[in-house]
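J.: Dropping the structure in here first, questions after.
Rule-based calculations on the coordinates, nothing more; no lab input. Model, not experiment: these values are computed from the prediction. Virtual Cβ from ideal backbone geometry, glycine too; neighbours counted across all protein chains shown.
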């Protein structure tokens, strides 16, 4: 169903030329999340660890109020506003997506999440029906640029920064990095960029030189000033010919893939944080089967150690993060997860596991950011 479809950055719609007033990012209402206040990122992240033998264990979460770095996040397209561009009034969808994709990073960094007038879910639906509505792409990007500049001028104070985006958010951040950061003095502040659920161009066999000229793909958790990018697909449902991800234009170019579970290469275990109720970035993905038969989960999140692994693959299907589910019918834990985009009751393979790109590797990503923060701090102290 279309309600379950997440947006990508590019939409087939016209861009109006009308000028729109700039947002005041000095007004706290223009931010979903900022440090030192109770807002959309102040949510319950308590998790139930579901072991393969059916044992349940609670895991509490605590934000680090003395985090040494900042995270600047641009959310994917979730707006249900009726026009081609969203307004600046946060709805349940904007508040919900930071809960799903950003809040857990508070264990490693101070959180900044600006509102922006993004291309809407309404626009995607219109485009898929062949009746596109007008979308001003520059409007959303310029909002994020204004928020970024405000943050640098008023909030950064020389701190390291992790840029985090998904889908449309990754597209906006890719443009921001290319235009405002790559090869410029501010690049020295970048701890890393997590550009998830996107197809970031790199030359085949290389880690830099495509979308960015000076920012390589991350290949270890101690590497800083680098980017982690991927789009995830089930091992049993690889990208089809009409795939929306995993492929890029240009001769000898491919989509970057950095596996958060094994940045150096090969396969690794995904430390996923999944919604206990099966929710995703745009509501419910599907009703999950019981995590353990006969047992109730009373936390909003679950972790399933040993159930999921991932590896980057590059073949005729594309370059993408291949996710394998290791279900075991002989143990009491569920043998599968939900997260596929569904259209008319059927899995829409062209989207892969786009709805849970971030949550599949949330624990890995949080750990990587923590390691990168330490490496960045050590490097900064050494250079002083």
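J.: Pop a pseudo-label 7 angstrom from the Cα along the beta-carbon direction at both residue 152 and residue 24 and give the gap in nm to one decimal.
T.: Placing both labels 7 Å along Cα→Cβ, they lie 2.3 nm apart.
J.: Hey, what did segment 25-383 get for relative contact order, percent, Cα under 8 Å, at least 6 apart?
T.: Numbers: 811 pairs, mean separation 66.1, N = 359.
That works out to 18 percent.
J.: Once fully extended, how much extra length lies between residue 62 and residue 206, figured as 0.36 nm per residue of separation less the alpha-carbon to alpha-carbon distance?
T.: Length difference between fully extended and current span is 48.0 nm.
J.: How much length, in nm to one decimal, is gained on full extension between residue 107 and residue 138, taken as 0.36 nm per residue of separation minus their Cα-Cα distance?
T.: Working: separation 31, 0.36 × 31 = 11.16 nm, distance 3.30 nm.
Gain in length upon complete extension: 7.9 nm.
J.: Continuing with this model, one more query. Which residue fluctuates most in the GNM of the chain (Cα springs below 10 Å): 27, 241, 70?
T.: Maximum among the listed residues: 27.
J.: If you don't mind, there's one more thing I want to ask. Name the most mobile residue of 361, 63, 262, meaning the one with the largest mean-square fluctuation, in a Gaussian network model of the chain with Cα contacts below 10 Å.
T.: 63
J.: A follow-up question, please. Using mean projected area of the Cα convex hull in nm² as the read-out, say which of [x] 18.7; [y] 17.6; [z] 19.9 was calculated from these coordinates.
T.: Step by step, mean projected area of the Cα convex hull in nm² for this structure corresponds to label [x].
J.: As a test of the formula, what do you get for the chain when each DSSP H run with n ≥ 4 contributes -39,500 (n - 2.57) and the sum is divided by the residue count, at 222 nm and rounded to the nearest 500 deg cm²/dmol? Present the calculation step by step, with values, prior to reporting the outcome.
T.: Working: 6 runs with 71 residues, N = 384.
Mean residue ellipticity, 222 nm, calculated: -5500 deg cm²/dmol.
J.: I've got another one for you. Mind giving me the nanometre distance, one decimal, between the label points for residue 80 and residue 46, set 7 Å out from Cα along Cα→Cβ?
T.: Once both label points are built, they end up 2.7 nm from each other.
J.: Can you give the FRET efficiency for residue 315 and residue 38, using 1/(1 + (r/R0)^6), R0 = 56 Å, r = Cβ-Cβ distance, to the nearest 0.05?
T.: Given R0 = 56 Å and the Cβ-Cβ separation, E is 0.75.
J.: Separate question: Roughly what % antiparallel, to the nearest 5, for the DSSP beta bridges in segment 25-383? Show your work: numbers first, answer last.
T.: On the way: 27 of 55 bridges.
Bridges in segment 25-383 that DSSP calls antiparallel: roughly 50 percent.
J.: Also: If I model a spin label as a point 7 Å beyond the Cα along the Cα-Cβ vector, how far apart are those points for residue 178 and residue 159 in nm?
T.: Output for this residue pair reads 2.9 nm.
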